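Report on one structure; see the data block that follows.
Only the coordinates and a few stated rules stand behind these numbers; no lab work does. As the structure is a prediction and not an experimental result, all values here were calculated from the model. Cβ placement follows ideal geometry from the backbone for every residue including glycine, while neighbour counts extend to all protein chains displayed.
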Amino acid sequence: MKNSNIAMYASGQDALEARIAYRIAARLNERAESVDTDISERLRFARERALEKAQSARTAAVTHVVSASSVAVLGGGSGWWVKLGSALPAVALALGLILIQHLHKQAQISEAAEIDAELLADDLPPAAYSDAGFVEFLKTPRE
């Protein structure tokens, strides 16, 4: 009996399983020639049913996509942990952004406090604060 429905397989594991299955099927076909026609027909029918089920199982496993709370989840599952797992990255991102904003604000506050502390500790006349060059003096980096 010829196997006319040979399919292309994406992974090496599937190809290996298919090769083994075809070898087993060939051996069974050789043995089927020596048994009665009634048994041979029942075996042929069983093989065809098994191949159909395997093909439908592969197709169902690949195309089964369930949308849970506007997130596509492969393989099904509708438990609360799936929803939590899909919302967890968004929560982590939001917390990360809030932390970055907080650290940036703290850095700005500490820079301003450092400049204020230097100005208060320095002996400058009050007229220096109103000078236009004073702003440029503050902007220049100090070593």
Rounded to the nearest 20 debye, what is the charge dipole size of the stretch 12-63 about its Cα centre when +1 sits on each Lys and Arg Cβ and -1 on each Asp and Glu Cβ? 180 debye
With a point put 7 Å past each Cα toward its Cβ, work out how far Arg19 is from Ala46 in nm, to one decimal. 2.8 nm
Virtual spin-label span in nm between Leu28 and Glu118, 7 Å along Cα→Cβ: 8.4 nm
